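Structure first, then comments.
The values are calculated or read from the model by the stated rules, or taken from the named source; none is laboratory data. Model, not experiment: these values are computed from the prediction. All Cβ positions, glycine included, derive from the backbone under ideal geometry; neighbour counts span all protein chains shown. These accessible areas exclude ligands, DNA and RNA; they are computed on the full protein's heavy atoms, side chains included. Shrake-Rupley method; radii C 1.70, N 1.55, O 1.52, S 1.80 Å.
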Amino acid sequence: MASSHTVLMRLVASAYSIAQKAGTIVRRVIAEGDLGIVEKTCATDLQTKADRLVQMSICSSLARKFPKLTIIGEEDLPPEDVDQELIEDGQWEEILKQPCPSQYSAIKEEDLVVWVDPLDGTKEYTEGLLDNVTVLIGIAYEGKAIAGVINQPYYNYQAGQDAVLGRTIWGVLGLGAFGFQLKEVPAGKHIITTTRSHNSQLVTDCVAAMNPDDVLRVGGAGNKIIQLIEGKASAYVFASPGCKKWDTCAPEVILHAVGGKLTDIHGNALQYNKEVKHMNSAGVLATLRNYDYYASRVPESVKNVLVP
């Protein structure tokens, strides 16, 4: 019976199945050939048909099963009836076999806030850089990101016809993170992952101050955190107010669950309560290991501009 499981684990199990459905929708939109692109605020801030359909699918599916949740999605969509084919009622049973960390066992549905990015890396999606794209569902309690699900719709898309397409990563603080193989950059190597489409002098100055051996410019906050946990980069540096809470909530959980750290540029923890402003106005600094090295190299000139 569902009642034998905690609210948190039922929510994560549902979010996993919903994220997999979202990945299917993302792939279907491209296959149908009409991305339905609109500009939101500028030429680099885009919305596609996939953004719209996936947000409706995630938010409506969650709201039906967990009506007391606070759900905050990236896209500002008018209220409308959602097609039944967008609804996912399933839950990933393997997650329900896992024990809920004791500190979260008594959480009530109404105490949770879910942050949804239906298509992280939209610009890259429109340009065919499909490995940059993720679907993000982050779960917060008392302002802290505690559980998250990341779907990569196009994971393995260049691996040949026989490869399994797509994967879903999930994690809960105090339990762990699952769905990937944890790897680290070789000791002493400083490989920075940063923005591809939102570069600025501040970003450039901050990255240069890290004295990197290499810089990877890619799309999507979810994608950048995956680079950290899979040993492709040692730090994610974004000295800009460009990303939002729905970009960082789920990825932060996955990183923290394996011993990493994500903060703003000043070293402050990000807050995810429902009243908080959506913008991460003081940027993002994240690492799997050696956080203090990178934090110590953030220039004061950068900190002075990026006010929390």
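Scan segment 293-300 and tell me whether some residue there is touching a Ser or Thr at 6+ places or on another chain (Cβ under 6 Å), in a helix (DSSP H, G or I), open to solvent by less than 10 Å² (accessible area, probe 1.4 Å) and not aliphatic (A, V, I, L, M). Within segment 293-300, one or more residues are touching a Ser or Thr at 6+ places or on another chain (Cβ under 6 Å), in a helix (DSSP H, G or I), open to solvent by less than 10 Å² (accessible area, probe 1.4 Å) and not aliphatic (A, V, I, L, M). Here His266 fits the description: more than 25 Å from Asn132 (Cβ to Cβ), surrounded by fewer than 22 Cβ atoms within 10 Å (Cβ to Cβ) and out of contact with any Phe, Trp or Tyr (no Cβ under 9 Å at 6 or more places or on another chain). Pick from segment 203-220 the residues that are open to solvent by less than 50 Å² (accessible area, probe 1.4 Å) and in contact with a Lys or Arg (Cβ under 8 Å, 6 or more places away or on another chain): which of them is farthest from Tyr236 (Cα to Cα)? Result: Ala209. Can we say Ala286 is in contact (Cβ under 8 Å) with a residue 40 or more places away in the chain, buried (at least 21 other Cβ atoms within 10 Å of the Cβ), closer than 18 Å to Ile146 by Cβ and aliphatic (A, V, I, L, M)? So Ala286 passes the test. Selection over segment 154-165 of residues that are out of contact with any helix residue (DSSP H, G or I) (no Cβ under 9 Å at 6 or more places or on another chain) and either open to solvent by 70 Å² or more (accessible area, probe 1.4 Å) or within 19 Å of Ile95 (Cβ to Cβ) (or both) gives a count of 3.
The set of residues in segment 174-212 that are at pLDDT below 90 and either of a type in the set (A, V, I, L, M) or under 23 Å from the mean Cα position of the chain (by Cα) (or both) comprises Arg196, Ser197, His198, Asn199, Ser200. At least 2 residues being at pLDDT 90 or above and open to solvent by 20 Å² or more (accessible area, probe 1.4 Å) is the threshold, and among the strands (runs of 3 or more DSSP E) wholly inside segment 1-116 those reaching it are 70-73. Within the option set Lys65, Lys97, Lys108, being free of Cβ contacts under 8 Å to residues at least 12 places away in the same chain and either under 23 Å from Gln227 (Cβ atoms) or more than 19 Å from the chain's Cα centre (by Cα) (or both) holds for one residue only, Lys97. When Met279 is tested against (1) among the hydrophobic types (A, V, I, L, M, F, W, C); (2) within 17 Å of the chain's Cα centre (by Cα); (3) more than 22 Å from Lys183 (Cα to Cα); (4) crowded, with 16+ Cβ neighbours inside 10 Å, only condition (4) is not met. Every listed requirement among (1) surrounded by fewer than 16 Cβ atoms within 10 Å (Cβ to Cβ); (2) in a loop (DSSP other than H, G, I, E, B); (3) in contact with a helix residue (DSSP H, G or I) (Cβ under 9 Å, 6 or more places away or on another chain) is met by Ala233 save one, (1).
Mind listing just one residue for me: the one in segment 117-153 that is among the small types (Gly, Ala, Ser) and in a loop (DSSP other than H, G, I, E, B) and, of those, surrounded by the fewest Cβ atoms within 10 Å (Cβ to Cβ)? Per the criteria, the residue is Gly128. Under the condition of being of a type outside the set (S, T, N, Q) and under 15 Å from Ala250 (Cα atoms), the residues counted in segment 118-141 number 12.
The set of residues from segment 236-263 being in contact with a Phe, Trp or Tyr (Cβ under 9 Å, 6 or more places away or on another chain), open to solvent by 30 Å² or more (accessible area, probe 1.4 Å) and within 21 Å of Arg196 (Cβ to Cβ) comprises just one member, Lys244.
Within segment 217-235, residues that are at positive phi reach partners that are in a strand (DSSP E or B) with beta carbons closer than 7 Å, at six or more positions or on different chains, in the pairs Gly220/Asp120; Gly220/Thr134; Gly231/Lys183.
Here segment 166-202 is the region considered, the condition is being charged (D, E, K, R) and part of a strand (DSSP E or B), and the residue that is surrounded by the most Cβ atoms within 10 Å (Cβ to Cβ) is Arg167.
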